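S.K.: Take a look at this one; I'll ask things after.
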Amino acid sequence: MRSDVIVVGGGVIGLGIAWRCAQRGLGVTVVDPSPGSGATWTAAGMLAPTTELHYGEQALLALGLESARRYPAFVAELEDATGIEVGYRRDGTIVAAWDAADLTGLRDLQEFGRTLGLTTELVTGRELRRLEPALASGVPGGLIAADDCQIDNRRLHDALVIALERAGGRLVRERAASVSGDRVTLATGDVLPAATVVVAAGAWTGQLDGVPAGAVPVHPVKGQTLRLRQSGDVQLRHVVRGVVRGSPVYLIPRTNGEIVVGASSEEAGFDLSPRAGAIYELLRDAQALVPVLGEATFDEVSTSLRPGSPDNAPMVGPTSVAGLVVATGHYRNGILLAPVTADGVAELIADGALPDALAPFTPSRFERASA
Ligand code: GLY
């Protein structure tokens, strides 16, 4: 059976695209041997365009804000279609300074954000602890980013699988061996024909046979997250992040009592083994910010590969192979950027052009740069 669209990769990016395409009446197939087991599974679910802001990444900020703006409707539609509550929680984010120098850095970042129209509030340590009593007594102050929030990425993925199937899409749990603009060949040898093929295989996108060599410069950035469980005194209410002695850490409390602690960042190729030192550092730094965390129950460590790109922004759009589209390179923002990517790729396939929001993020920008 020929599909209108085959999406290789069943994480939130691939499934979001597939769901939006199926809603437009296209015949959609998603190919993935283990959907959602990569970066989607390890992610913490922070929707944080403001507190992920880095100098020089203004275009990425605009894309993140646009996707954040779409999130309430995206979630409402998804929950309505599936009956799954996806843990979209809008309690804001606290960025805790570790020391006075860190507080100065946050003040500079706040000022930079202000020039870009972002609103954050710089408060004292006492005010932060009034909001979040579990914070360490030595925290001298920090930022409150009221608009940065969170979603339970695993429930989001569960919902997308169901929404896709209810919209008429199909999921083939096999590995893709190669792609071209009009077919996907599975590792079993079966060939699935399609009008358009979208590769949304995260860090592996550039490795897939048929994706033009060097045209999609995605690279793996290993990340580890921990899942703890609130117990007794550990009652965190807000997303808390900080940089403890130069080492970034964040804690995300879910309504079900889970606390996700993240995330390490390592250039280690395609190695997926959990590293003891990274786990130690995450626990050490998280506990430095929230001392009572030591009482939490330890549930899980998860490791996956962020799809990194040369400018930290995604690569979404056509390739030099007719019919072959990619959607990868979302790096630290895959969950955040899922709605805007899904809408944009569905529009590209249905109407023939990427919307303005995604136009600066095609993979061809790197060809232009190297020329
Ligand atoms: N979005 C946070 C991270 O990649 O660790």
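S.K.: Express the relative contact order of the chain as a whole percentage, based on alpha carbon pairs under 8 Å and six or more residues apart in sequence.
M.R.: Working: 863 pairs, mean separation 88.8, N = 371.
Once normalised by length, the contact order is 24 percent.
S.K.: Using a 1.4 angstrom probe on heavy atoms only, work out the carbon and sulfur share of the accessible area of the chain in %. Display every interim value, and only then the final one.
M.R.: Working: 7510 of 14820 Å².
Of the solvent-accessible surface of the chain, carbon and sulfur hold 51 percent.
S.K.: First measure r as the distance between the Cβ atoms of ALA76 and ALA101, then evaluate 1/(1 + (r/R0)^6) with R0 = 35 Å and state the FRET efficiency to the nearest 0.05. Before the final figure, lay out each step's value.
M.R.: On the way: r = 42 Å, r/R0 = 1.21.
About 0.25, to the nearest 0.05.
S.K.: Under the rule a/c < 1.5 gives rounded, and otherwise a/b versus b/c splits prolate from oblate, where does segment 28-167 land using the Cα gyration tensor? Don't skip to the answer; put the middle values down first.
M.R.: On the way: a/c = 2.44, a/b = 1.96, b/c = 1.25.
It is prolate, given that a/c is not under 1.5 and a/b is the larger ratio.
S.K.: Next question. May I ask for the equivalent-ellipsoid semi-axes of the chain, computed as the square root of five times each C-alpha gyration tensor eigenvalue and listed largest first in whole Å?
M.R.: On the way: eigenvalues 256, 89, 73 Å².
Whole-Å semi-axes of the equivalent ellipsoid: 36, 21, 19.
S.K.: Would you work out the charge dipole size for segment 24-130 about its Cα centre, treating the Cβ of every Lys and Arg as +1 and the Cβ of every Asp and Glu as -1, and quote it to the nearest 20 debye? Walk me through the intermediate numbers first.
M.R.: Numbers: 10 positive and 15 negative charges, 40 e Å.
Around 200 debye, computed over segment 24-130.
S.K.: Moving to a separate point now. Mean residue ellipticity at 222 nm from the helices of the chain, using -39,500 (n - 2.57) per DSSP H segment of n ≥ 4 over the full residue count, to the nearest 500 deg cm²/dmol?
M.R.: Helix-only estimate at 222 nm: -9500 deg cm²/dmol.
S.K.: Apply 1/(1 + (r/R0)^6) to the Cβ-Cβ distance of GLU367 and TYR55, taking R0 = 25 Å, and write down the FRET efficiency to the nearest 0.05. Mind showing how you got there, number by number?
M.R.: Details: r = 26 Å, r/R0 = 1.02.
In this case the efficiency is close to 0.45.
S.K.: Estimate the FRET efficiency between ARG130 and ALA62 by the formula 1/(1 + (r/R0)^6), using the beta-carbon distance for r and 35 Å for R0, to the nearest 0.05.
M.R.: Numbers: r = 33 Å, r/R0 = 0.95.
In this case the efficiency is close to 0.60.
S.K.: While we're looking at this one, here's another question. All other residues with a Cβ under 11 Å from the Cβ of GLU174 taken together, and with Lys, Arg as +1 and Asp, Glu as -1, what is their net charge? Spell out each step's value before the answer.
M.R.: On the way: positive: ARG173, ARG175; negative: ASP32, ASP190.
That sum, taken over residues with Cβ under 11 Å, equals 0.
S.K.: Taking the alpha-carbon set of segment 162-207, what are its Rg and Dmax in Å?
M.R.: That works out to 11.5, 31 Å for Rg and Dmax.
S.K.: On a C-alpha basis, how far is the centre of segment 302-331 from the centre of segment 157-199 in Å? Whole number, if you could?
M.R.: 17
S.K.: Segment 1-30 to segment 233-272: how many Å between their Cα centroids?
M.R.: After rounding, the separation between the Cα centres reads 32 Å.
S.K.: Here's something else I'd like to know. Over all alpha-carbon pairs of segment 195-347, lay out the pair-distance distribution in 10 Å bins, whole %, shortest bin first.
M.R.: In order of increasing distance, the bins hold 11, 34, 28, 19, 8, 1 percent.
S.K.: Binning at 10 Å from 0, report for segment 251-322 what percent of all alpha-carbon pair distances ends up in each bin.
M.R.: 14, 38, 28, 13, 6, 1
S.K.: Can I ask one more? Give, rounded to the nearest 20 debye, the magnitude of the charge dipole that the chain has about its Cα centre when Lys and Arg contribute +1 at Cβ and Asp and Glu contribute -1 at Cβ. Don't skip to the end; give the middle numbers.
M.R.: Numbers: 32 positive and 42 negative charges, 39 e Å.
I would put it at about 180 debye.
S.K.: Span-like helices, the chain: DSSP H, alpha-carbon axial extent 27 Å or more, mean Kyte-Doolittle 0.0 or greater, which ones?
M.R.: Working: long enough: 58-82 (35 Å, 0.22).
Those that pass (Cα extent of 27 Å or more, hydropathy at least 0.0) are 58-82.
S.K.: Here is a further query. Ratio of alpha-carbon Rg to the 2.2 N^0.38 Å globular estimate for segment 22-67, to two decimals, please. Walk me through the intermediate numbers first.
M.R.: Numbers: Rg = 15.5 Å, N = 46, 2.2 N^0.38 = 9.4 Å.
Here the answer is 1.65, to two decimals.
S.K.: Of ILE94, MET1, VAL316, which is farthest along the charge dipole of the chain in the positive direction, counting Lys and Arg as +1 and Asp and Glu as -1 at C-beta?
M.R.: MET1
S.K.: What is the distance, in nm, between label points placed 7 Å from the Cα along the Cα-to-Cβ direction at PHE298 and at GLU165?
M.R.: 3.6
S.K.: Taking 10 °C and 1.306 mPa s as the conditions, I'd like the Stokes-Einstein D for segment 1-86 in µm²/s, using the Kirkwood hydrodynamic radius from alpha carbon pairs. Don't skip to the end; give the middle numbers.
M.R.: Details: Rh = 14.9 Å.
After rounding, the answer is 107 µm²/s.
S.K.: Moving to a separate point now. Starting from the 7 Å offset along Cα-to-Cβ, what nm value, one decimal, do you get for the label separation of ALA213 and GLN235?
M.R.: Each label point is offset 7 Å from its Cα along the Cβ direction, giving 6.1 nm.
S.K.: Would you list the P(r) distribution for segment 290-371, with all Cα-Cα distances sorted into 10 Å bins from 0 and each bin expressed as a whole %?
M.R.: With a bin width of 10 Å, the distribution comes to 16, 40, 22, 10, 10, 2.
S.K.: With a probe of 1.4 Å, find how much accessible area segment 232-289 has per residue, and write the answer as a whole number in Å².
M.R.: Details: 2560 Å² over 58 residues.
That works out to 44 Å² per residue.
S.K.: Cα extents of segment 311-359 along the three principal axes, largest first, in whole Å?
M.R.: 29, 20, 15
S.K.: Now for a separate question. Excluding ligands, DNA and RNA, what is the solvent-accessible area per residue of segment 32-165 at a probe of 1.4 Å, expressed in Å²? Numbers along the way, then the final one.
M.R.: Details: 5790 Å² over 134 residues.
Accessible area per residue: 43 Å².
S.K.: Share of Cα-Cα pairs in segment 116-208 beyond 16 Å, in percent?
M.R.: On the way: 3150 of 4278 pairs.
Value for segment 116-208 (Cα pairs over 16 Å): 74 percent.
The values are calculated or read from the model by the stated rules, or taken from the named source; none is laboratory data. Not measured: the values here are computed from a predicted model. With ideal geometry, Cβ positions are generated from the backbone for all residues, glycine too; neighbour counts draw on all protein chains shown. We work out accessible area using only protein heavy atoms, side chains counted, and drop any ligands, DNA or RNA first. Shrake-Rupley method; radii C 1.70, N 1.55, O 1.52, S 1.80 Å.
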